[in-house]
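The structure appears below as structure tokens.
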Amino acid sequence: MDAGHMRAHIEAGLALLTGLLCLAAIFVPDWIEKVAGFDPDGGDGTLERVVALGFGLATVVLGFSARRHYRGRVAVVGEQK
């Protein structure tokens, strides 16, 4: 497995992880308070929305990056044939 292929797999795995964390922040918004042990936003949910937005953005960026690295590898391998 070459470096580009490995990088694509790592980025795809991280995209999956951040996607799951985004869903957790949307559907179980008080998980941050449970993990941190305190309520950083005073209970109004602002932090949860910002965290969900951040995880969602990271998912999109990592997904496109993994796709770009995977497609680049496929194109290079295809040219060698």
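The values are calculated or read from the model by the stated rules, or taken from the named source; none is laboratory data. As the structure is a computational prediction, the values presented were derived from the model and not from experiment. Counting neighbours? That spans all protein chains shown, and the Cβs are built from the backbone with ideal geometry, glycine included.
Before moving on, here are some points about what is shown:
- Pairs, first on the phi < 0 side of the Ramachandran plot in segment 27-49, second aliphatic (A, V, I, L, M), C-beta under 6 Å, six or more apart: 31/24; 40/47; 41/47; 48/25
- Matching residues in segment 1-35 - criterion: being part of a loop (DSSP other than H, G, I, E, B) and either aliphatic (A, V, I, L, M) or modelled with pLDDT of 90 or more (or both): 1, 28
- The number of residues in segment 16-54 being surrounded by fewer than 14 Cβ atoms within 10 Å (Cβ to Cβ), touching a helix residue (DSSP H, G or I) at 6+ places or on another chain (Cβ under 6 Å) and of a type outside the set (D, E, K, R) comes to 1.
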